[in-house]
Amino acid sequence: QVHFVESGGGLVQPGGSLRLSCVASGFPFSQYGMNWYRRAPGNEREFVARITNRGSTDYSDFARGRFIISRDNLKNMLYLQMNNLKPEDTGEYYCNGYESLGWPWGQGTQVAVSS
């Protein structure tokens, strides 16, 4: 059964950094591309970053240059290093496979950027 557990969120001042983690289970992690998503208060869930099974990455415009996605296939872990955080980065962050797979969502991890 596919399962994701996100962690690492918190309250940070503008310009600060956070590193999010995601533990994945229930599927052969190393064979799948993985995404980070987020949902800001009152908004729809949106794509943040992607890493293929081979390690190629892609970012949304707002994440490019500030966020870094990475993975550890030995530990079934996905990471998102977020730097120079802005108030508009506030929201719930989720990891998952590509949306077309229809896998269940984890509980997410809350990020709040505020002075």
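The values are calculated or read from the model by the stated rules, or taken from the named source; none is laboratory data. These numbers were taken from a predicted model, which means no experiment stands behind them. So basically every Cβ, Gly included, is an ideal-geometry build from the backbone, and we count neighbours across all protein chains shown. Surface accessibility is based on the protein's heavy atoms, side chains included, excluding ligands, DNA and RNA. Shrake-Rupley method; radii C 1.70, N 1.55, O 1.52, S 1.80 Å.
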Next item on the list: Scan the stretch 26-41 for residues that are within 14 Å of R71 (Cβ to Cβ) and either of a type outside the set (G, A, S) or within 16 Å of the chain's Cα centre (by Cα) (or both) and jot them down.
Entry: F27, P28, F29, Q31, Y32, G33, M34, N35, W36
Note to self: From the list L78, L74, L85, exactly one residue is modelled with pLDDT of 95 or more, surrounded by 15 or more Cβ atoms within 10 Å (Cβ to Cβ) and farther than 15 Å from G108 by Cβ. Which is it?
What the structure shows: L85
Margin query: Can you pull out every residue in the stretch 74-95 that is touching a Phe, Trp or Tyr at 6+ places or on another chain (Cβ under 6 Å) and polar (S, T, N, Q)?
Written below: N76
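Looking at N84, is it touching a helix residue (DSSP H, G or I) at 6+ places or on another chain (Cβ under 9 Å) and at positive phi?
no
Out of the residues in the stretch 42-52 meeting the condition of being open to solvent by 60 Å² or more (accessible area, probe 1.4 Å) and either in a strand (DSSP E or B) or at positive phi (or both), tell me which one is modelled with the lowest pLDDT.
It comes out as G42.
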Notebook entry, point to check: Within the set of pairs 6+ apart or on separate chains, which have a first residue in the stretch 36-64 that is over 16 Å from Y94 (Cα atoms) and among the polar types (S, T, N, Q), a second that is part of a loop (DSSP other than H, G, I, E, B) and at pLDDT 95 or above, and C-beta atoms under 6 Å apart?
Noted result: T52/G33; N53/Y32; N53/G33
Checklist line | Per-region count, the stretch 1-16, residues surrounded by fewer than 12 Cβ atoms within 10 Å (Cβ to Cβ) and either modelled with pLDDT of 95 or more or touching a Ser or Thr at 6+ places or on another chain (Cβ under 7 Å) (or both) | finding: 2
Next item on the list: Could you tell me whether the stretch 18-37 includes any residue that is open to solvent by 60 Å² or more (accessible area, probe 1.4 Å), in a loop (DSSP other than H, G, I, E, B), of a type in the set (D, E, K, R) and more than 21 Å from S100 (Cα to Cα)?
Entry: no
